[in-house]
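First the structure, in the form of structure tokens, and then the observations on it.
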């Protein structure tokens, strides 16, 4: 005997998302539909940004003679890669000839030789000021002219002022001020004669803001900042651009990231853009934008250091009190 089943009228098929959507609260409906759109739109913006930066780096430096000092640093290598792929005629400067050759080989192997130029190498040590005149002549002899000079060299020291020797003070000033200033003055006649050129100084935020235990370092950064600020007005009539980029710090290793993340002193926040600092590729992208837009000054820093700069200018006593309190707290922590 066959018994025919009767379907229970109370059992219904699961409703689809689009059936439920009209019954939902309008606010929830908006949120559900808006979030995926925002995610997709944000991803698209970042993708387009990367594409635009890549195109700008290629169009802005193609066939131009670009000098990069301290090309062996993290930022120097990143800039070398970006400009080499963009078709620039690179002149890479550094203290170690073997490492410069390795960098040049790496760049050549990773690029198409039909659209790039083999980098030229120049030994440069700002600690040896007597050799700068020869270095300037060698740089100008490479291509007979110069379009862009990126001054990336810098050394830093953290110590109480009374513990620094005069020799260390002089070494810091040579590397951070006298060297870049002398090199810039050496190539200026060539730029003035062609009525074109761009000088770009990669400087620390301490060119605008001095913090404890960085006395000579901050002094050298203030000095080089003032030099290029003054120079900017002098050479504008010749069609020469002068740009300065002031950053907190460039993160190049995991140890630096860990140290920055674990630091709790009040002025440690003045050096960080985020817990891991600013990466070399972020800094290189900012350099490309600055060259394209011919911006005169760029500060790469989070809100707190920028507020500190304005506080130093408009409320100096408040700034000095905060810095002094930070030193006292640091000393107290060391004694505990």
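The values are calculated or read from the model by the stated rules, or taken from the named source; none is laboratory data. What you see is a predicted model, and the numbers here were worked out from it, not measured in a lab. Quick reminder, even Gly has a Cβ in these numbers, built from the backbone with ideal geometry, and neighbours come from all protein chains shown.
When restricted to residues that are part of a strand (DSSP E or B) and at negative phi, the range 169-216 contains 7. Of the residues in the range 146-163, not one is in contact (Cβ under 8 Å) with a residue 12 or more places away in the chain, under 25 Å from the mean Cα position of the chain (by Cα), crowded, with 19+ Cβ neighbours inside 10 Å and part of a helix (DSSP H, G or I).
Taking the listed residues 94, 86, 74, the one that is crowded, with 21+ Cβ neighbours inside 10 Å and within 15 Å of residue 287 (Cα to Cα) is 86, with no other qualifying. May I ask you to verify whether residue 110 is surrounded by fewer than 18 Cβ atoms within 10 Å (Cβ to Cβ), free of Cβ contacts under 8 Å to residues at least 60 places away in the same chain and closer than 20 Å to residue 197 by Cα? It is false that residue 110 is surrounded by fewer than 18 Cβ atoms within 10 Å (Cβ to Cβ), free of Cβ contacts under 8 Å to residues at least 60 places away in the same chain and closer than 20 Å to residue 197 by Cα. For residue 199, the stated conditions hold: it is in contact with a helix residue (DSSP H, G or I) (Cβ under 8 Å, 6 or more places away or on another chain), modelled with pLDDT of 95 or more and crowded, with 21+ Cβ neighbours inside 10 Å.
Could you list, in sequence order, all residues of the range 185-226 that are farther than 21 Å from residue 301 by Cβ, within 20 Å of the chain's Cα centre (by Cα) and without any contact (Cβ under 8 Å) to a residue 60 or more places away in the chain? Across the range 185-226, the qualifying residue is only 199.
A quick yes/no check of all residues on (1) within 16 Å of residue 153 (Cβ to Cβ); (2) touching a helix residue (DSSP H, G or I) at 6+ places or on another chain (Cβ under 9 Å); (3) part of a helix (DSSP H, G or I):
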residue	(1), (2), (3)
98	no, no, yes
107	no, yes, yes
113	no, no, no
117	no, yes, no
125	yes, yes, no
134	no, no, yes
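Taken over the range 38-71, the criterion of being over 15 Å from the mean Cα position of the chain (by Cα), modelled with pLDDT of 95 or more and under 26 Å from residue 249 (Cα atoms) is satisfied by 66, 67. Out of curiosity, is residue 302 under 17 Å from residue 278 (Cβ atoms) and out of contact with any strand residue (DSSP E or B) (no Cβ under 9 Å at 6 or more places or on another chain)? So residue 302 passes the test.
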